[in-house]
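Trainee: Please read through the structure below; I'll follow up with questions.
The values are calculated or read from the model by the stated rules, or taken from the named source; none is laboratory data. What you see is a predicted model; the values in this text were computed from it and never measured. Note that we place each Cβ from the backbone using ideal geometry, even for glycine, and neighbour counts take in every protein chain shown. Heavy atoms of the whole protein, side chains included, go into the accessibility calculation; ligands, DNA and RNA do not. Shrake-Rupley method; radii C 1.70, N 1.55, O 1.52, S 1.80 Å.
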Amino acid sequence: MTTKKVEIIVPPKPAHFVGDGFRVHNFIPGSSHLSMKRMDPFIMFDYNSKFHFNGSEIPRGVGVHPHRGFETVTIAYQGKVEHHDSAGGGGIIGEGDVQWMTAAKGILHKEYHEKEWSKQGGIFQMVQLWVNLPAKDKMSSPKYQALKNSEIQKVDLAENGFVEIIAGEYQGVKGSASTFSPVNLMNAKLKSGGKAEFNFPVNFNTGALVIEGNILVNGEEKVSTNHFVLFENKGENFTIEATEDSVILILSGEPLNEPIFPHGPFVMNSREEIMQAFEDFNTGKFGYLED
């Protein structure tokens, strides 16, 4: 096995608001070296780093909007989000939970700070990742996977900490989410001095975000909080060592190697398919959801 080396360490871009409830740093596709093509099948990555929201009787968030052609994955680290969609999916994403929503042929959804959490306010910290769908699955039926933290598979690393496997596989343990293409998504929660080793195929596009703490990659590259590590498409193995108690989100996926044609909330394979998506949305084929 050969080492998968660091290609670049990407600092967070200035934050911007999505709606009034999500203050995010965009890594994919907005950061250098992290285009949709380079990170395929990961086509969008927003990180709401720790941010304090004051209490509000009216929950902050994003109102009803459409999606087609991909999946949204929301990972809650701190705070709570409430979700509803036109396919009947919905619920509360609590701390440590994950929501995996397959928009596929079309869905309307809305997401807000959970009502009771909103009243109190507090520290909010989340990731939203868009995972592209293969062309053959883009017009499949929408679905919704609500993954409670207690249901997410974990691998104990003894005194080093543990790894939560949201999707994919780690040390022979399979993740909780089902995916349309080979995707690995996991949280390494390491104690100070703890070390974890990862192994992904050479061609898989692989990255990591330091959610908490500071780490050392392959024994030499220092990476601090809120920074994203992009790995080379060479080698298979890499190690992460925590120089203090740390949480690291690992993502690695097999590229679809299909045309990517994005336009706002739709990601398809051609301009014609995007035009069809707008027509279907405007004629009510995405269903109905009250704002």
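Trainee: If I take every Cα pair under 8 Å that is 6 or more residues apart in the stretch 94-143, average their sequence separation and divide by the length, what percent do I get for the relative contact order?
Mentor: Once divided by the residue count of the stretch 94-143, the mean separation gives 73 percent.
Trainee: What shape does the stretch 13-58 take by its C-alpha gyration tensor, where a ≥ b ≥ c are the square roots of the eigenvalues and a/c under 1.5 counts as rounded, a/b above b/c as prolate, and the rest as oblate?
Mentor: In terms of gyration-tensor shape, prolate.
Trainee: Related question: For the residue pair Lys143 and Glu7, what label-to-label distance in nm results when each label sits 7 Å from Cα along the Cα-to-beta-carbon direction?
Mentor: About 3.0 nm separates the two model spin labels.
Trainee: While we're looking at this one, here's another question. To the nearest 500 deg cm²/dmol, what mean residue ellipticity at 222 nm is calculated for the chain from DSSP H runs of n ≥ 4 alone, each contributing -39,500 (n - 2.57), summed and divided by the residues?
Mentor: -2000 deg cm²/dmol
Trainee: Next question. Using label points projected 7 Å from each Cα along Cα→Cβ, tell me how many nm separate Lys174 and Ser150, to one decimal.
Mentor: 2.4 nm
Trainee: Determine the principal axes of the Cα atoms in the stretch 17-172, then give the extent along each, sorted from largest to smallest and rounded to whole angstroms.
Mentor: For the stretch 17-172, the Cα spread along each principal axis is 45, 43, 35 Å.
Trainee: Then there is this: On a full-extension model of 0.36 nm per residue, what is the gain between Ala158 and Glu220, subtracting their alpha-carbon distance, rounded to one decimal in nm?
Mentor: Values: separation 62, 0.36 × 62 = 22.32 nm, distance 2.36 nm.
Full-extension gain reported as 20.0 nm.
Trainee: Let me ask you something else. Taking square-rooted eigenvalues a ≥ b ≥ c of the alpha carbon gyration tensor, is the chain rounded, prolate or oblate, where a/c under 1.5 means rounded and, failing that, a/b exceeding b/c means prolate?
Mentor: oblate
Trainee: Over the chain, what is the mean sequence separation of C-alpha contacts under 8 Å (at least six apart), divided by residue count, expressed as relative contact order in percent?
Mentor: 21 percent
Trainee: Relative contact order (percent) for the stretch 1-138, with alpha-carbon contacts under 8 angstrom and 6 or more residues of separation?
Mentor: With pairs under 8 Å counted, the relative contact order is 30 percent.
Trainee: Number of Lys pairs in the stretch 95-167 with C-alpha atoms less than 20 angstrom apart, excluding same-chain neighbours closer than eight positions?
Mentor: 7
Trainee: Please determine, in degrees from 0 to 90 and to the nearest 10, the orientation of helix 271-282 with respect to the longest principal axis defined by the Cα atoms of the chain, where the helix direction is its Cα long axis.
Mentor: Tilt relative to the chain: about 50 degrees.
Trainee: For Arg38 and Ser56 in the same chain, what is the full-extension length gain: residue separation times 0.36 nm, less their Cα-Cα distance, in nm? Provide the component values of the computation, followed by the final result.
Mentor: Details: separation 18, 0.36 × 18 = 6.48 nm, distance 3.97 nm.
Gain on stretching Arg38 to Ser56: 2.5 nm.
Trainee: Continuing with this model, one more query. At a Förster radius of 22 Å, what calculated FRET efficiency corresponds to the Cβ-Cβ distance of Glu116 and Ala15, to the nearest 0.05?
Mentor: Efficiency, from the Cβ-Cβ distance: 0.30.
Trainee: Sticking with this structure for a sec: Apply the Karplus parameterisation 6.51 cos²θ - 1.76 cosθ + 1.60, with θ equal to phi minus 60°, to every residue of the stretch 86-97 and state each ³J(HN,Hα) to the nearest whole Hz, in sequence, with x for glycine and proline.
Mentor: Here the 3J(HN,Hα) series is 6, 9, x, x, x, x, 9, 9, x, 4, x, 8 Hz.
Trainee: Leaving out ligands and nucleic acids, note down the accessible area per residue over the stretch 199-245 with a 1.4 angstrom probe, in whole Å².
Mentor: About 38 Å² of surface per residue is accessible.
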